[in-house]
Amino acid sequence: MSGPEVGSRHELERGAFPAFLASLERHGYSVVGPTVRDQAIVYGEIHRVEDLPIGWTDRPGAGSYRIERRADAALFGYNVGPHSWKRYLYPAHERLWTAERDASSFTVRPEPTDGPALALLGVRACELAAIQVQDRVFLGGAPDPGYRARRQRLLRIAVQCGQAAATCFCVSMGTGPGVAPAAADLALTELIRPERHYFLVEVGTPEGARVLEGVPLRPAAVETERAAEALVAATASSMGRTMDTSGIRDLLVLQPEHPRWEVVARRCLSCTNCTLACPTCFCSTTEEVPTLSGERVERWRRWDSCFTLGFTELHSGSARRSTASRYRQWLTHKLATWHDQFGSSGCVGCGRCITWCPVGIDLTEEVAAIRATGPPATPEAPR
Amino acid sequence: MPRSPRPKLAVWKFASCDGCQLSVLDLEDDLLALAGAVEIANFREASSAVVDGPYDLSLVEGSVTTEEDARRIREVRAESRILVTIGACATSGGIQALRNFADVKEFARVVYARPEYVRTLATSTAIREHVPVDLELRGCPVNKAQLLEVVSAYLGDRSPNLPTESVCASCKRRGTVCVMVARGTPCLGPVTQSGCGALCPAYDRGCYGCFGPAETPNLPSMVRRLDELGVDAAARVRLFRTFNAGDPLFREAANASAPPAEAR
């Protein structure tokens, strides 16, 4: 039995969603998706449709986040939560290798890269863009073996955004809210009518088609496609925030002494939350963990942040001792020098850094403040 | 390279609850490895068999609260090649540093039937205020893995890996939902040093600050945020005056009048 064609569009009834989940498992995937835990919509294992945040939504703000009940029973009626998908491709802690002494020398064993094939269910457009950003980081140049292995067995099931949060600005960053054809293995649009709760399913890749084998589908009606387009268009027009990105690279690179860096540093806790909540921040540190006998040592990698002193520890101490210099480094890298390094912005407009900053520092506000008072960007900006 | 075949380890107790020393005994399987790697020469909590000093590595628990202890810590220092203080009592005076803000004679009158038998100092102070300290290991209690890391680093003649970043970094790595952002729960995590593995937020509680201030804590901003969350001055004193009440930065945060709202 073969699945539908790549590029084809179908309707999936809400009642058939359990069959869809079962098909993912039957095709060898462990499903990870949104679930309600600790008063938030986080990502976790999904075994049954009841594991999804049925009838819940979220209200992310600057330094605040609350979940609340919806009037309907939407499965994906929320924005983005505290977690990002990066922990499934780039774990917060990862053993890289183990070395053991033998009689005359030592042996290094790299960490095996096998593991379960994950299906990420409910990936938003901004999150797909974030995975693409991290692909350029981890797969460009010298590919990271663990990331590559996990990425190769990954299935991305996107869900179009039916709403935008107060902290959303994907339209400004050009990453959403619509999921481009073929940007994901499958793209779902959730449609809720008084008489009918169903999904438009767009097939983006052959693997996306394969996992639909045996799932009850019906060809998409023109009205369904139009309703889905209208939903995404409405979301696009209701972004809670905007960021003017014109000339942003030079705007920031030319402003190392702007007084705004000191202003934001008076609020910034240098607590690392923004960077670790960010779906694209990729910095890590490594540490060797030896046994007391010294016969065996493990090298571990863990998420690090440019907001720590140790991040720039050199022979003479930390190179970025002031919080102003650390915030400037983060924002300038994220929005400006990322373009030089990876050919895109490091920001996808998801708003997590705004929400999960304990004091609600808002990068869109910081950029606007710098733009309001800084000199105009010039083409002669130093590279 | 390891130093002498089996370096001599001593564990000392000053004013404390013994919880940090118990963390040594609580190393379980690693305790056997520890006993193999070092000679446990003086550890009264574990054994009454004591080998005379000098000692290669001394772990000091507790704060200085008596004249006798102030004298004894100088002796311990004199016979210790490396002296590491372990736990909030030893590194900032502990919960008993609450006496630093009160009349200790009054306390003694209330608590003891015969207060004249009690000879105590008016303050509880960190070990480093009395003798030079080679390394401070924070926490109430200390973290077992960090304790082992200190000994391991000593044996390997390397710097121990003891991050001084905030508790938030640990919360984010383990995927804990921020209790301050998602619930409005006052939490000292953003200004507290990691090391506990972000235990309390994982159980829906705000951080109590057991590990003392993080590397570059922005306490004025933290105080402002607590104020916005409804933590009034009296509640803020209780929040900052726990196990690290004697820490100068936490003391200042407890006493600060709420700073005015920052201009954006």
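The values are calculated or read from the model by the stated rules, or taken from the named source; none is laboratory data. Please read all numbers here as calculations on a predicted model, not as lab measurements. Here the Cβ positions follow ideal geometry from the backbone for every residue, glycine too, while neighbour counts run over all protein chains shown. Surface accessibility is based on the protein's heavy atoms, side chains included, excluding ligands, DNA and RNA. Shrake-Rupley method; radii C 1.70, N 1.55, O 1.52, S 1.80 Å.
Here B:Glu215 meets the list (1) modelled with pLDDT of 95 or more; (2) open to solvent by less than 60 Å² (accessible area, probe 1.4 Å); (3) more than 8 Å from chain A (Cβ to nearest Cβ); (4) in a loop (DSSP other than H, G, I, E, B) almost entirely, failing just condition (3). Sub-7 Å Cβ pairs linking a first residue in the stretch B:136-151 that is among the basic types (Lys, Arg) to a second residue that is in a strand (DSSP E or B), at least 6 apart or interchain, are B:Arg138/B:Gln193, ordered by first then second residue. Screening the stretch B:39-92 for strands (runs of 3 or more DSSP E) wholly inside it with 1 or more residues that are open to solvent by 10 Å² or more (accessible area, probe 1.4 Å) and among the basic types (Lys, Arg) returns the ranges B:80-86. Do you know which of the residues in the stretch A:214-224 that are open to solvent by 50 Å² or more (accessible area, probe 1.4 Å) and in contact (Cβ under 8 Å) with a residue 12 or more places away in the chain is nearest to A:Leu21 (Cα to Cα)? The extreme case among them is A:Pro216. Residues in the stretch B:180-194 that are assigned to a loop (DSSP other than H, G, I, E, B) and open to solvent by 10 Å² or more (accessible area, probe 1.4 Å): B:Gly184, B:Thr185, B:Pro186, B:Cys187. Residues in the stretch B:117-142 that are closer than 20 Å to A:Glu287 by Cβ and either open to solvent by 40 Å² or more (accessible area, probe 1.4 Å) or modelled with pLDDT under 95 (or both): B:Leu135, B:Glu136, B:Arg138.
From the list A:Leu12, A:Leu75, A:Leu96, exactly one residue is touching a residue at least 60 places away in the same chain (Cβ under 8 Å) and not in a strand (DSSP E or B). Which is it? So the residue among A:Leu12, A:Leu75, A:Leu96 that is touching a residue at least 60 places away in the same chain (Cβ under 8 Å) and not in a strand (DSSP E or B) is A:Leu75. Taking B:Leu121 as the residue in question, decide whether it is touching a helix residue (DSSP H, G or I) at 6+ places or on another chain (Cβ under 9 Å) and part of a strand (DSSP E or B). It is false that B:Leu121 is touching a helix residue (DSSP H, G or I) at 6+ places or on another chain (Cβ under 9 Å) and part of a strand (DSSP E or B). Here B:Val167, B:Val177, B:Val150 are screened, and the one residue that is more than 10 Å from chain A (Cβ to nearest Cβ), crowded, with 16+ Cβ neighbours inside 10 Å and touching a strand residue (DSSP E or B) at 6+ places or on another chain (Cβ under 9 Å) is B:Val150.
Rundown of residues vs (1) open to solvent by 50 Å² or more (accessible area, probe 1.4 Å); (2) at pLDDT 95 or above; (3) in the same structural domain as A:Val263 (by TED's automatic domain parsing); (4) of a type outside the set (S, T, N, Q), yes/no style:
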position	(1), (2), (3), (4)
A:Gly317	no, no, yes, yes
A:Tyr327	no, yes, yes, yes
A:Thr332	no, yes, yes, no
A:Ala336	no, yes, yes, yes
A:Ser345	no, yes, yes, no
A:Gly349	no, yes, yes, yes
A:Ile354	no, yes, yes, yes
A:Ile361	no, yes, yes, yes
A:Glu365	yes, yes, yes, yes
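Return yes or no: is B:Val223 at the interface with chain A (Cβ under 9 Å from one of its Cβ atoms), open to solvent by less than 10 Å² (accessible area, probe 1.4 Å) and of a type in the set (Val, Ile, Thr)? So B:Val223 fails the test. Of all residue pairs spaced 6 or more apart or on separate chains, those with beta-carbon atoms under 7 Å, a first member in the stretch A:260-277 that is over 11 Å from A:Thr323 (Cβ atoms) and facing another protein chain (nearest Cβ under 7 Å) and a second member that is part of a loop (DSSP other than H, G, I, E, B) and of a type in the set (D, E, K, R) are A:Thr272/B:Glu165. Just one residue in the set A:Arg70, A:Arg26, A:Arg66 is of a type in the set (D, E, K, R) and closer than 30 Å to A:Cys268 by Cα; that residue is A:Arg66. Among the residues of the stretch A:300-346, write down those that are more than 21 Å from the chain's Cα centre (by Cα) and without any contact (Cβ under 8 Å) to a residue 24 or more places away in the chain. Within the stretch A:300-346, A:Leu309, A:Thr312, A:Glu313, A:Leu314, A:His315, A:Ser316, A:Gly317, A:Ser318, A:Ala319, A:Arg320, A:Arg321 qualify.
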